[in-house]
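The values are calculated or read from the model by the stated rules, or taken from the named source; none is laboratory data. Just so it is clear, the model here is predicted, and its values are computed rather than measured. Methodologically, a virtual Cβ is constructed for each residue, glycine included, from the backbone with ideal geometry; neighbour enumeration extends over all protein chains shown. In case anyone asks, the SASA skips ligands and DNA or RNA and just uses the protein heavy atoms, side chains included. Shrake-Rupley method; radii C 1.70, N 1.55, O 1.52, S 1.80 Å.
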Amino acid sequence: MLRKPVARIDVGALKHNLARVREVVPGAKVLAVLKANAYGHGMLQVAEQLQQADAFGVARLDEALALRAGGIVKPIVLLEGFFDADELPQIVASNLQVVVHQQEQIDAILAAELDAPIRVWLKMDTGMHRLGLPPERYQAAWQALSQSPNCLPGIRLMSHFACADDLECPDTIEQLQRFSTWSQGLAGEVSLANSAAVLGWPQSHGDWVRPGLMLYGVSPLLGKQGAEHGLQPVMTLCSRVIAVRDVAAGETVGYGSAWQAQQATRLAVVAIGYGDGYPRNVPNGTPVLMQGRRFPIVGRVSMDMLTVDIGDAIIRPGEQVVLWGQGLPVEEIAALVGTIPYELLCNITPRVDFVYQGGN
């Protein structure tokens, strides 16, 4: 029996979540975001299963080239654009699209001698203050790119929200108004909505939406879980019990003796730890699932193992343990750790086996 961590990827849930996006935004095209190894789910494998998306979004050129090398022919957008003019010939050769967010990129495109024009997504900084052209320079940039033979006709217009996950925050409305004001009169398809805006800000949907986290069954909205939006968890992180031990009242467990048994009990030792990407700083009481029941983690998470208080339950070595996923939302574990689900999903290490179920 394999006694090591496994990330079970439910391809049916992945496709369900894409269909859910289309239910929410039936009139928009979908740019499925696959950056950071598809949020830890396996970039190429996810791309192969999301062929109903209209395009894929990645952060960097190497991610796009890996998809092309894996046989993916669907449009791919470089969400961070290009870093150097020397990358432009490769972008053309690989039929990639680019987000343009600073003047240096515009200058490079205008000066380049390219074998074919490229598709440009022109990004405005409406308040995120990370990437994007200042609003007052946006129309001039659009004019320059629209007139360049190096750009395909129809510059796409985009921005990114800073606080769309918080439905009480007024910043998203302000960003929408700023974008509308400074893009007025410019022709081109509009893309503003990330996962949080898809679910929480229907006035932002535009022509293209850019779902990321929600494709993987996780809520992008503060205090919510994916199931509340009709989403299904794609990743279920599992491992197995490798030992069961009796501990007496007063005995301590793990490094630093961080937990002490208040009464005689039994512990299950599970083959997963921070070396596999499970967070070291989970507090005592963080749940895992065994036999459909919740049991609390006790003591510190080690590199390869963690311990669970099973009381008088009949648990034997080889028992499957769910760390998050089906039946135990990753949002709940992230909240206990004091982080966000994105980080937990992206931190899974190569020691974990990935098994894709229900796919082609």
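A few remarks follow.
- Checking Cβ-Cβ separations below 4.7 Å across the chain identifies C151, C238, C346 as cysteines lacking any candidate disulfide partner.
- Between the amide H of K29 and those of W208, V209, distances stay under 5 Å, these residues lying 5 or more places away or on another chain, with hydrogens modeled in the peptide plane.
- Taking every lysine pair in the chain that is 8 or more places apart or spans two chains, those with Cα atoms closer than 27 Å amount to 12.
- In sequence order, calculated HN-Hα J values of segment 129-135 (Karplus, 6.51, -1.76, 1.60; Hz; x Gly/Pro): 6, 10, 10, x, 6, x, x
- Given the choices (1) 134; (2) 165; (3) 143, volume of the Cα convex hull per residue in Å³ derived from the coordinates of this structure is entry (3).
- Between A335 and N284, the FRET efficiency estimated from the beta carbon spacing at R0 = 22 angstrom works out to 0.90.
- Cβ-Cβ FRET estimate between Q102 and D312, R0 fixed at 56 Å, reported to 0.05: 0.35
- DSSP bridge analysis restricted to the chain gives an antiparallel fraction near 50%, rounded to the nearest 5.
- Linear extension gain, D54 paired with H16, 0.36 nm per residue minus alpha-carbon span: 12.1 nm
- Solvent exposure of the chain, expressed per residue, is 44 Å² of accessible area, with all protein chains present and a 1.4 angstrom probe.
- When only alpha carbons are used to place a centre, segment 291-355 and segment 34-103 end up 32 Å from one another.
- FRET E, pair E113, L65, Förster distance 22 Å, beta-carbon r, rounded to 0.05: 0.50
- In the chain, helices alone account for a calculated mean residue ellipticity at 222 nm of -7000 deg cm²/dmol, with every DSSP H run of four or more residues adding -39,500 (n - 2.57).
- Value in Å of the Kirkwood radius, where segment 92-204 supplies the Cα pairs that are averaged: 14.6 Å
- Spin-label model distance (nm) - E80 vs A162, 7 Å beyond Cα toward Cβ: 2.1 nm
- The distance linking segment 142-156 with segment 228-261 is 56 Å (Cα centroid to Cα centroid, whole angstrom).
- Under-5 Å amide H pairs with F354, H placed in peptide plane, nonlocal only: A7
- Exposed loop sites are taken as GluC sites (Glu not before Pro) in a DSSP loop (any state but H, G, I, E or B) with at most 13 other beta carbon atoms within 10 Å; the longest stretch of the chain without one runs 169-360.
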